[in-house]
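Working notes for the structure below.
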Amino acid sequence: MAPPHELQAVTEALVAPILECAPTAVRLQKELIIRWRNTDQRTAIEYGINALAQAYATGEPREAMQAFLPIIERVAAGRLAGAARIGLAVGKVIDRHKVAKHFEVTITDDRLTIARDEAAIIEEAALDGLYILRTSVPAERLASADVVRSYKLLTRVERAFRSFKAVDLQVRPIHHWTEPRVRAHVFLCLLAYYVEWHLERAWAPLLFRDEERPELADPVAPAQRSAAALRKAHTKELPDGTPVHSFRTLLAELATLTRNRVLAPGAPEAAAFEITSTPTPLQSRALALLNLTPATV
């Protein structure tokens with residue numbers, strides 16, 4: 001990890017060799033790295049030979065220009081003239097394919113010149129599918145591998161916002177108008193998500209949730225589910241043969257657990273008593289994982 005004052009120079013030095021490669025070669029190189037990581041040696045070697053041949057046989061330049069060729073031919077034949085009309089036709093292609101930064105366009109009333117901006121194309125291809133993470137936190141506090149792991153934790157934040165907006169809590173629409181009430185509404189949704197997060201962790205043995213996700217030595221490698229989680233997803237059953245639940249279906253099962261207040265007709269109020277329904281084995285286990293009983297709920 002480089003010190004903060006050298007970070008820009010080190011980043012440029014690492015990226016420069018990549019930028020010297022052609023776009024297709026860069027993409028193939030990234031695919032090759034993935035193949036070497038995820039396949040056996042023989043398969044990876046065979047793919048490497050094919051990738052080398054493909055890098056030399058590519059028709060990439062012509063393919064990139066293909067969308068502009070009809071316009072260039074119309075301008076050359078005189079069927080399309082005027083800088084404004086030519087610019088309108090070129091703009092439609094650029095908007096459709098989102099390639100404005102990849103080409104250098106020169107337009108006059110009777111001429112259209114389009115050239116590939118090789119530097120911009122190669123630079124984008126070099127970083128396509130890759131992330132360069134920069135941090136001002138010193139290496140003594142956060143190692144390189146931990147930087148990647150911390151970045152990947154953002155997926156949890158995104159999942160929380162998705163739960164807030166649409167999946168479970170549905171924070172919107174907000175039927176309040178004053179600022180204190182809106183703040184109270186959002187706070188209650190946040191508190192509900194906090195409770196939900198803890199419930200999911202406690203009920204992990206009953207849910208499709210991974211109880212013990214393996215810690216990978218390589219933080220860049222794709223996340224792996226544990227053997228137990230894969231088994232639950234495949235069989236839809238727990239080790240004891242009972243069904244695996246989602247968070248919603250488990251809540252629905254618990255919703256059938258009732259407590260009734262009984263008072264005989266004509267009896268005084270002091271004679272009232274409560275009866276709690278007998279929990280099912282699933283309900284008992286779910287409450288036990290929370291250190292609760294039907295009487296204490």
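The values are calculated or read from the model by the stated rules, or taken from the named source; none is laboratory data. Quantities reported herein were computed from a predicted structural model and do not represent experimental measurements. Here Cβ is always computed from backbone atoms with ideal geometry, including for glycine, and neighbour counts include all displayed protein chains.
Quick look at the values:
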item	result
Filter result for V186 (more than 24 Å from A229 (Cα to Cα) and touching a His at 6+ places or on another chain (Cβ under 8 Å))	no
Leading residue by the ranking (modelled with the lowest pLDDT) among those in region 105-138 that are farther than 30 Å from P222 by Cβ and assigned to a loop (DSSP other than H, G, I, E, B)	D117
Residues (in contact with a helix residue (DSSP H, G or I) (Cβ under 9 Å, 6 or more places away or on another chain) and either more than 29 Å from E123 (Cα to Cα) or not in a helix (DSSP H, G or I) (or both)) located in region 83-103	V99, F103
Hey, S163 small (G, A, S) and at pLDDT below 85 or not	yes
Residue check for T296: farther than 18 Å from P205 by Cβ, over 39 Å from the mean Cα position of the chain (by Cα) and not acidic (D, E)	yes
Which listed residue, of E237, E269, E274, is under 12 Å from L206 (Cα atoms) and of a type in the set (D, E, K, R)	E237
Every residue from region 218-254 that is within 21 Å of the chain's Cα centre (by Cα) and within 30 Å of V147 (Cα to Cα)	D218, P219, V220, A221, P222, A223, Q224, R225, S226, A229, L230
Pairs, first closer than 17 Å to D117 by Cβ and at pLDDT 80 or above in region 58-75, second part of a helix (DSSP H, G or I) and not acidic (D, E), C-beta under 8 Å, six or more apart	F68/V90; F68/V93
Matching entry among E269, E237, E215 (being surrounded by 10 or more Cβ atoms within 10 Å (Cβ to Cβ) and either of a type in the set (D, E) or in contact with a Lys or Arg (Cβ under 6 Å, 6 or more places away or on another chain) (or both))	E237
L206 being over 24 Å from the mean Cα position of the chain (by Cα) and within 30 Å of T235 (Cα to Cα)	yes
Selection count where residues are at pLDDT below 85 and either closer than 30 Å to P219 by Cβ or of a type outside the set (G, A, S) (or both), scope region 77-103	10
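Residue-by-condition table, conditions (1) in contact (Cβ under 8 Å) with a residue 40 or more places away in the chain; (2) under 30 Å from L292 (Cβ atoms):
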| position | (1), (2) |
| --- | --- |
| L154 | no, no |
| W177 | no, no |
| C189 | no, yes |
| Y194 | no, yes |
| H198 | no, yes |
| W203 | yes, yes |
| L206 | yes, yes |
| E212 | no, yes |
| A217 | no, no |
